[in-house]
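K.L.:
Encoded as structure tokens, here's the structure I'll be asking about.
The values are calculated or read from the model by the stated rules, or taken from the named source; none is laboratory data. The structure displayed is predicted, hence computed values, not measured ones. Note that each Cβ is placed from the backbone with ideal geometry, even for glycine, and that neighbours are counted across all protein chains shown. Surface areas here come from the heavy atoms of the whole protein model, side chains and all, with no ligands, DNA or RNA. Shrake-Rupley method; radii C 1.70, N 1.55, O 1.52, S 1.80 Å.
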Amino acid sequence: MDFFSFFFLSLLFIILFIFLLNSFLTSKKITKLPLPPGSLGYPYIGETFQLYSQNPNVFFTSKQKRYGSVFKTHILGCPCVMISSPEAAKFVLVTKAHLFKPTFPASKERMLGKQAIFFHQGDYHNKLRKIVLRAFAPQSIRNIIPEIESIAVQSLNSWEGSNINTFLEMKTYAFNVALLSIFGKDESLYREDLKRCYYILEKGYNSMPINLPGTLFNKSMKARKELAQILAKILSSRREMKLDRNDLMGSFMGDKEGLTDEQVADNVIGVIFAARDTTASVLTWILKYLGENPSVLEAVTEEQEEIVRTKEKLGEQKVLSWEDTKKMPITSRVIQETLRVASILSFTFREAVEDVEYEGYLIPKGWKVLPLFRNIHHSPKIFPDPEKFDPSRFEVAPKPNTFMPFGNGIHACPGNELAKLEILVMLHHLTTKYRWSMVGTDNGIQYGPFALPQNGLPINLSLKL
């Protein structure tokens, strides 16, 4: 071996030794750090019931006041670190996103399927995200506005003149739009079977993962198996008929994507989950806030009626266009403020893929990490008088990392444009053609897992005279 080869190898060995030594010392240093302050609650169940049985603001705020912006707890069978500042949310979701993989509690993971986009990082996640973004991009969803509008009109017609549970009816509306976006024109063929299975499945999303006969989790897993069988039939039928669709399932089935049937099924179930309850919750809260704020309702109604008048003057068809939905700034601000005040998703789940240090505390590998969007959205330092419903605050764009209704970073919700579109379409027809009034005097809020107006906001809907 010549001198230069020996020198090079020696130098390489020294560099490697220093790197390993530094990694060892860093690891030792991190593992000696204290856990964040807080309580893990009772064995196994932790503080699950405390969180889901009361106003989440009370749970989160009391913890934050007692322990600070970083604290530990234990919910849904998982030890967790909760973080409640914009800086911490950016650290977990953006700056150090590679150290925190997307995840859910064990019950949701098994129900949604381990191949769903929610549970992956790296190349597989990037590929799936590109597929979903392509299917839900403006140039794609603008083509299904007539179908979304038809679903909205049919829904409103069926509610006219009766007392309805707003949340349950909006869930049906959001479910039908989700099926449209996934299966396109084929959705009506499978709607009832898919709905029956999914409605059983969803009841166990936030249950403890105890797979014993009679438990919610057990019933949900049986429904999940049947749901996967229905999706397998749809896939088989499309292949036999050599159907080439532009919907989300068609994108998943593309030859170049190389996805297995299990991967397609898991991701379809995941998209339904992501698209349904959250959108229905937002619509329910919007109706409540508009009903309680007549001046805001009047402004939204005037904006929507102006679109109708303009189309009539120009002799255009009454059906909405993509361009029409861009002429709704007041309505859009109402949606934003509802997302902030209601904070439908109080937090999101991440999991530390290795021991991580944050602000002098240890976040152990395998622990869940929950950025608390609700705390950030209700911080008086960020949003003055945070409990007040005031859409005008969004006339100025919020500061980065302070408004995250759809998450943040590479794992932010890829279907947010579709959600906004179906809300705008529903509100257009609701405000221009109908009036509604609350039924009963109970103005409370119910919890578990989403915060909702009491009893799903019963209302009476009637045509305007």
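K.L.:
SER207 versus (1) assigned to a helix (DSSP H, G or I); (2) among the hydroxyl-bearing types (Ser, Thr, Tyr); (3) in contact (Cβ under 8 Å) with a residue 12 or more places away in the chain; (4) surrounded by fewer than 19 Cβ atoms within 10 Å (Cβ to Cβ): which is the lone unmet condition?
P.N.:
(1)
K.L.:
Among residues belonging to the stretch 363-381 that are under 13 Å from VAL341 (Cα atoms) and in contact (Cβ under 8 Å) with a residue 60 or more places away in the chain, point out the one that is surrounded by the fewest Cβ atoms within 10 Å (Cβ to Cβ). Explain how you work it out, then say what you get.
P.N.:
Residues of the stretch 363-381 under 13 Å from VAL341 (Cα atoms): 373-380.
Checking the rest, the ones that are also in contact (Cβ under 8 Å) with a residue 60 or more places away in the chain come to 373-376, 378.
Working: PHE373: 25, ARG374: 22, ASN375: 25, ILE376: 23, HIS378: 20.
Out of the qualifying residues, it is HIS378.
K.L.:
Could you grab the pairs with beta carbons closer than 8 Å, sequence gap of 6+ or different chains, first residue in the stretch 231-253 and of a type in the set (Phe, Trp, Tyr), second one not in a helix (DSSP H, G or I)?
P.N.:
From the stretch 231-253, the pairs are PHE252/LEU259.
K.L.:
In the stretch 213-221, is there at least one residue being open to solvent by 70 Å² or more (accessible area, probe 1.4 Å), farther than 30 Å from TRP436 by Cβ, modelled with pLDDT of 90 or more and assigned to a helix (DSSP H, G or I)?
P.N.:
To start, the set of residues in the stretch 213-221 that are open to solvent by 70 Å² or more (accessible area, probe 1.4 Å) comprises 213, 216, 219.
So of that shortlist, the ones also farther than 30 Å from TRP436 by Cβ come out as 213, 216, 219.
Keeping just the survivors that are modelled with pLDDT of 90 or more gives 219.
After this cut, where a residue has to be assigned to a helix (DSSP H, G or I) as well, the list is 219.
Checking the stretch 213-221: at least one residue is open to solvent by 70 Å² or more (accessible area, probe 1.4 Å), farther than 30 Å from TRP436 by Cβ, modelled with pLDDT of 90 or more and assigned to a helix (DSSP H, G or I).
K.L.:
For a quick check of your reading: which helices (runs of 4 or more DSSP H) sit entirely within the stretch 73-175 and have at least 2 residues that are closer than 30 Å to TRP436 by Cα, more than 19 Å from the chain's Cα centre (by Cα) and among the hydroxyl-bearing types (Ser, Thr, Tyr)? It would help to see each step written out before you state the result.
P.N.:
Values: elements: 86-90, 106-112, 122-135, 138-141, 145-159.
The helices (runs of 4 or more DSSP H) meeting that bar are 145-159.
K.L.:
For LEU35, work out the one condition from (1) of a type in the set (A, V, I, L, M, F, W, C); (2) part of a helix (DSSP H, G or I); (3) farther than 26 Å from ILE382 by Cα; (4) at pLDDT 90 or above it doesn't fulfil.
P.N.:
LEU35 satisfies every listed condition except (2).
K.L.:
When you go through LEU156, LEU133, LEU112, LEU168 one by one, which is the residue that is touching a residue at least 40 places away in the same chain (Cβ under 8 Å) and surrounded by 22 or more Cβ atoms within 10 Å (Cβ to Cβ)? I'd like the intermediate steps shown before the answer.
P.N.:
On the way: LEU156 fails: surrounded by 22 or more Cβ atoms within 10 Å (Cβ to Cβ); LEU133 fails: surrounded by 22 or more Cβ atoms within 10 Å (Cβ to Cβ); LEU168 fails: surrounded by 22 or more Cβ atoms within 10 Å (Cβ to Cβ).
None of the other options fit; the residue is LEU112.
Residue-by-condition table, conditions (1) out of contact with any helix residue (DSSP H, G or I) (no Cβ under 7 Å at 6 or more places or on another chain); (2) closer than 25 Å to TRP367 by Cβ:
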position	(1), (2)
LYS65	yes, yes
HIS74	yes, yes
CYS80	yes, yes
ALA89	no, yes
PRO102	no, yes
MET111	no, yes
SER155	no, no
GLY161	yes, no
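K.L.:
In addition: Quick check on GLY270: is it in contact (Cβ under 8 Å) with a residue 12 or more places away in the chain, more than 30 Å from GLN454 (Cα to Cα) and either part of a helix (DSSP H, G or I) or out of contact with any strand residue (DSSP E or B) (no Cβ under 9 Å at 6 or more places or on another chain) (or both)?
P.N.:
Details: in contact (Cβ under 8 Å) with a residue 12 or more places away in the chain: yes; more than 30 Å from GLN454 (Cα to Cα): no; either part of a helix (DSSP H, G or I) or out of contact with any strand residue (DSSP E or B) (no Cβ under 9 Å at 6 or more places or on another chain) (or both): yes.
No, not satisfied.
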